[in-house]
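Each remark here refers to the structure printed beneath this line.
The values are calculated or read from the model by the stated rules, or taken from the named source; none is laboratory data. What you see is a predicted model, and the numbers here were worked out from it, not measured in a lab. Ideal geometry is used to build each Cβ from the backbone, glycine not excepted, and the neighbour counts take in all protein chains shown.
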Amino acid sequence: MKFRISLLMAIAVVVCAVDVHAQVRYRLGTGLSTQWIVNDNPATYRMVGEDSSITGGSFDGMQFGWGLRAYADLDKQKTFRIPMGFDYTSYTGAQSWAATFNTVYLKHSCQAYTLLAGFEYSFLEFPLAFARVYSGLELRGTMFTNSTIQKVYTYANGIPSTDETIEAKPDAFRLGALARLGIEGEIYYPVFLNTSVGMGAVNFIGRDTRPTSEGGRGELLTPDRRNEGPESLVWQLNFTFMVQVRL
């Protein structure tokens, strides 16, 4: 009797698993995924202040990026979905000023590689437009490569320009999260457009809370660690515009 009950339970589990798997459908997408630092963080300050010391990262605008996404739709109506993906972001900041005998150009750059996973819920549908609005949460792990500063000196009177590249801070891995709101619509089945806006911080977990005077790394996205305090949160606005294909 116990064997029969166990057998029936095993069969029920297999049937449920097959049924759930049959409901799951998959999509792939790729396109723009840009970042914008939105809080008062030293990463957005000018690199060189009035006293000619390096004080900020000059990442004060949209930072170009590219993303790849895979979605698992857990039901036929695409009400519940699991997104997984990868983002690449190229942070670039520049500044120049004229001295007495030359012009100095500074370029600060850093690359970021992000793995993400989350959960989305579609709460509004427009059947006539084949579109739906969704919200979601994502966990994001990001590797920031060591930042570099390129200095270019341009001289007057035909003297050749010179340049040098300086490696600034080392690599850093941080865990963050964001909340997302987006809309997706069908272009021509099985092709969809998906655009969204996400808001969150990239370094909720893993921040170096020591000031640089005690051996800390300093701020996450500035090139010079001298006289910096503990690493502060970096809040970012993430904008995506992607083309998706249902498999």
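A few points about this structure:
- Being over 17 Å from the mean Cα position of the chain (by Cα) and either part of a strand (DSSP E or B) or surrounded by fewer than 21 Cβ atoms within 10 Å (Cβ to Cβ) (or both) holds for only one residue in S213, S196, and it is S213.
- Residue in segment 90-104 that is at pLDDT 95 or above and within 16 Å of G29 (Cα to Cα) present: no
- Qualifying positions in segment 227-245 - modelled with pLDDT under 90 and touching a strand residue (DSSP E or B) at 6+ places or on another chain (Cβ under 8 Å): none
- With respect to (1) surrounded by fewer than 16 Cβ atoms within 10 Å (Cβ to Cβ); (2) out of contact with any Phe, Trp or Tyr (no Cβ under 6 Å at 6 or more places or on another chain); (3) part of a strand (DSSP E or B), the lone exception for D75 is condition (3).
- Complete set of residues in segment 216-247 that are hydrophobic (A, V, I, L, M, F, W, C) and either over 22 Å from T142 (Cβ atoms) or outside any loop (DSSP other than H, G, I, E, B) (or both): W235, L237, F239, F241, M242, V243, V245, L247
- Members of segment 115-152 that are surrounded by fewer than 18 Cβ atoms within 10 Å (Cβ to Cβ), modelled with pLDDT under 95 and assigned to a strand (DSSP E or B): F123, L124, E125, F126, A131, T148, Q150, K151, V152
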